[in-house]
Amino acid sequence: MERVLFWLKTSRPGLWFATLWLYLLPTHQQANIWTDPAFLLGLVYVLFPLNFLVYGWNDIVDYQADKVNPRKDTYLFGAKGSKAQLQRLWIPITLVQLPFWVAFVLFCGPHICLLLLGFIVINGLYNLPKHGLRSKPPLELLCQIGYLLIVPLSIAINESDPLSTWAYVYLLLFAWQSHLIGEVMDIEPDRLTGKRTTATVIGRIYTKVFIIALVGIEIAIVYVIFSDLIFAGMLFFGLIWLIIDLILIYKNKVYSLTEMKLFGYLSNVVGFISMMYVWVTGCLH
């Protein structure tokens with residue numbers, strides 16, 4: 001049980017809402033889908049096995065930075081494995097993928113292998129031990145495209161309607177925003193271990209400005225392209241908080257562990273609310 005809980009913590013349940021959000025997005029109002037075995041199989045996959053692959057692989061190569069990261073060793077932000085635990089982590093990561101991949105091929109056909117291979121290739125480019133893009137800013141942001149592969153995976157599994165190009169643009173901006181927020185929280189341990197990220201290079205203030213700019217563009221896309229005032233309003237309140245954080249409250253200060261955990265819980269609440277709104281209304285279709 002201790003080993004299983006370590007694997008679960010490695011998959012970072014506190015960040016599951018992101019992959020769940022992307023998986024549900026194309027299935028807008030497919031009412032009977034919640035009893036479909038293929039849908040449920042994909043739902044389980046994007047929650048645990050896929051996150052186990054993405055974050056477990058990252059933990060293996062980021063051992064030194066994670067060792068001094070106060071965010072780690074929580075179900076919100078991931079496990080802090082020993083060298084021995086991480087060296088063996090490839091085995092459960094691989095074994096948990098295989099039955100799902102076989103099932104996806106049976107449900108969807110061999111073409112689904114291209115998407116599954118895409119997850120491997122993008123994560124491989126990000127996590128190469130010496131030349132991985134995770135340490136070559138700003139190229140690490142390009143690898144966030146990997147999250148967007150969840151959308152066509154969901155479309156293939158659930159036979160959903162395709163999304164527009166603007167929807168993918170919005171999702172990419174959201175992925176960049178989320179990744180940069182994590183980098184802001186990790187500036188100190190990353191700098192301590194010599195890890196280069198966009199946030200360590202341009203600093204906390206400019207990274208926050210970059211995040212604010214991304215959210216501003218997201219609001220413009222939702223309001224102008226998708227004509228949804230309510231969802232744009234939700235994003236606008238988030239933008240106001242980011243500006244207050246930058247100008248009045250935290251500025252260039254380091255967040256405490258308690259504050260980072262609070263932000264993690266709140267992001268799950270906000271993520272769930274926005275996910276349900278987008279799924280019910282189909283505002284990004």
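Roughly speaking, what is the stretch gain from Y250 to I91, that is 0.36 nm per residue apart minus the C-alpha to C-alpha distance, in nm to one decimal? Present the calculation step by step, with values, prior to reporting the outcome.
On the way: separation 159, 0.36 × 159 = 57.24 nm, distance 4.18 nm.
Going from the current span to full extension adds 53.1 nm.
Using the structure shown, list the pairs from K130/K253; K72/K130; K83/K251; K130/K251 with a Cα-Cα distance above 29 Å, or answer none. Walk me through the intermediate numbers first.
Working: K130/K253 31 Å; K72/K130 22 Å; K83/K251 36 Å; K130/K251 33 Å.
Those over the limit are K130/K253; K83/K251; K130/K251.
Under the rule of -39500 (n - 2.57) per DSSP H run of 4 or more residues, summed and divided by the residues of the chain, what mean residue ellipticity at 222 nm is obtained, to the nearest 500 deg cm²/dmol?
Numbers: 15 runs with 191 residues, N = 285.
Helix-only estimate at 222 nm: -21000 deg cm²/dmol.
Highest GNM mean-square fluctuation, the chain, Cα pairs closer than 10 Å: which of L53, L248, L239?
Evaluated over the chain, the most mobile residue of the options is L248.
Taking the Cα-to-Cβ direction at I225 and at L41 and moving 7 Å from each Cα, how far apart do the two end points lie in nm?
3.2
Let's test the formula: R0 of 25 Å, r as the Cβ-Cβ distance of V4 and E259. What FRET efficiency results, to the nearest 0.05? Write down the numbers at each step before the final one.
Details: r = 30 Å, r/R0 = 1.20.
Efficiency at R0 = 25 Å is approximately 0.25.
Starting from the Cα of I243, step 7 Å along the direction of its Cβ; do the same at D161; then give the gap between the two resulting points in nm.
3.5
Arranged by the count of other C-beta atoms within 10 angstrom, fewest first, what order do R191, R12, R134 take?
Details: R191 14, R12 24, R134 20.
Ascending number of Cβ neighbours within 10 Å: R191, R134, R12.
Send over the semi-axes of the stretch 132-229's equivalent ellipsoid, whole angstrom and largest first, taken as the square roots of 5 times the C-alpha gyration tensor eigenvalues.
Numbers: eigenvalues 165, 63, 14 Å².
Result for the stretch 132-229: semi-axes of 29, 18, 8 Å.
If neighbour count is taken as other Cβ atoms inside 10 Å, put L125, L95 in order from fewest to most. Don't jump to the answer; show the numbers that get you there.
On the way: L125 18, L95 10.
Taking fewest neighbouring Cβ atoms as first place, the list is L95, L125.
K83 versus L139, label points 7 Å from Cα toward the beta carbon: distance in nm?
2.8
Read-outs: derived from the displayed coordinates by stated rules, not from any lab. Predicted, not measured: the structure shown is a model, and the values here were computed from it. Reconstructed Cβ throughout: ideal geometry from the backbone, glycine too, with neighbour counts over all protein chains shown.
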